[in-house]
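Just below is one structure, and these are the notes that go with it.
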Amino acid sequence: MKRLTYLLLLSSLLFGCKHKDSNIPTIAFVDAFEDNTIAQARTGFFDALKKNGYSEEQKTINVIYRNAQGNIPTLTQIIKYFISQNPTLIATCPSLSTIAAIQNTKTIPVFMMVSPTPTLMKVTDSSGNPPTNLFGVSEELGYIDTSFGLIKQLVKPKIGKLTVGMIYNQSEPQSVEALKRISSLASKLDLNLVSLPVNSSADVQLVTQSLLTKNIDAFFANPDNTVFSSFETIIKTCDNAKVPVFTSEAGLVSRGAVAAYGADMYQWGYQCGLQAAQYLQTKSTANIHWELVKSHGSVYNQKAAATYHISMPSNFTAVK
């Protein structure tokens, strides 16, 4: 079945592209996996382009869209296919797509979103410079401190010191860096932190269940592509064990986490789309550089907060 799915995806790469007008710009957009949260960034990206006069409806851009469905070989194949089509730019979401793109092209501009900084992705050169064709919008890890600190503020320990559990993917640089930061922060806040590694989405349920046997008081969903793609599994498993989930990603709150302070995914994509529109208008990257995401917010899930009898601070906004 996996082989059949892979062959079908490859077929779509080779034969699924609509005829494109070579006289207008071509946007190649790749998502690494299917996810409702990161999909908001894609919507924001194309809304920003449309606001600036670029849309398929207006016939002012061609769009090639592909989703790797979490398959790394397919993701690499998608990028190589994009390159063969010589697009005006490649838009990437999230970090897995960004890394795959800059590993395979040094000339086509790559506009990233839902990605950590080049340093956190470990794609800088020996002098600390990012790839010359990398643009778009990224994020540092400082916002995690605020979200993780919420647990100390809002959750009462069952016994003794508060214990927080988390999972992380050892192969994702930003996930490993997040773990280091959270471990240090937990020590400063006098919290017990229990962390377990996962290798893929297939491992998430079993590892989360193992984590729950360690008497954790709360689960923290860190910025990790595996966490994003498996979040419904995490929520269901933790809810069954009556353990609240907190996160640093605002988009995960609408999917069941109690609360977060984090980037607005739609605005993240929109900010990246504005950069891409500038490039299309000027046909130059001379005045464009990767930048940090600007829009953050404090949000909470009313149903989840009520389930765990948690009273939220007045400056938090309930998600719809």
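Nothing in this text is a laboratory measurement; each read-out follows from the coordinates by a stated rule. The structure presented is a predicted model; accordingly, all values stated were derived computationally and were not measured. Virtual Cβ from ideal backbone geometry, glycine too; neighbours counted across all protein chains shown.
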Worksheet item: Stretch Lys188-Ala202 to full length: gain in nm at 0.36 nm per residue minus the Cα-Cα span?
Response: 1.7 nm
Worksheet item: Taking the Cα-to-Cβ direction at His289 and at Asp239 and moving 7 Å from each Cα, how far apart do the two end points lie in nm?
Response: 4.5 nm
Worksheet item: When only C-alpha pairs under 8 Å and at least 6 residues apart count, what is the relative contact order of the stretch 206-287, in percent?
Response: 22 percent
Worksheet item: Can you give the helix-only mean residue ellipticity at 222 nm for the chain, where every DSSP H stretch with n ≥ 4 adds -39500 (n - 2.57) and the sum goes over all residues, rounded to the nearest 500 deg cm²/dmol?
Response: -13000 deg cm²/dmol
Discussion item. Taking loop as defined by DSSP and a crowding limit of 13 other beta carbons within 10 Å, which trypsin sites (Lys or Arg not before Pro) in the stretch 79-140 fit?
Written reply: Lys106, Lys122
Worksheet entry | Rounded tilt (10° steps) of 143-154 against the dominant C-alpha axis of the chain | 20 degrees
Item to complete: Kindly express, to the nearest 10 degrees and within the range 0 to 90, the angle between helix 36-51's C-alpha long axis and the longest C-alpha principal axis of the chain.
Response: 40 degrees
Worksheet item: Mean separation of Cα pairs under 8 Å and 6+ residues apart, divided by the residue count of the chain: what relative contact order is that in percent?
Response: 19 percent
Discussion item. Run the simple label-point estimate for Thr43 and Arg181 please: 7 Å along Cα→C-beta, distance reported in nm.
Written reply: 2.6 nm
Worksheet item: Of the cross-linked pairs Lys59/Lys106; Lys156/Lys188; Lys156/Lys236; Lys50/Lys122; Lys80/Lys294; Lys106/Lys294, which ones have a Cα-Cα span greater than 23 Å in the structure shown?
Response: Lys59/Lys106; Lys50/Lys122; Lys80/Lys294; Lys106/Lys294
Worksheet entry | Separation in nanometres of the label points that stand 7 Å from Cα toward Cβ, at Lys303 and Asp125 | 5.1 nm
Item to complete: Check cross-link reach from Lys214 to the aspartates and glutamates: straight Cα distance under 18 Å, and skip same-chain residues fewer than eight apart.
Response: Asp190, Asp203, Asp239
Response to the item:
Scoring only Lys, Arg, Asp and Glu (+1, +1, -1, -1) among other residues with Cβ under 14 Å from the Cβ of Lys158 yields +3
Worksheet item: If you line up the Cα atoms of the chain on their principal axes, what length do they span on each, largest first, in Å?
Response: 66, 44, 42
Worksheet entry | At R0 = 51 Å, FRET efficiency that the Cβ-Cβ distance of Leu274 and Lys158 yields, to 0.05 | 0.60
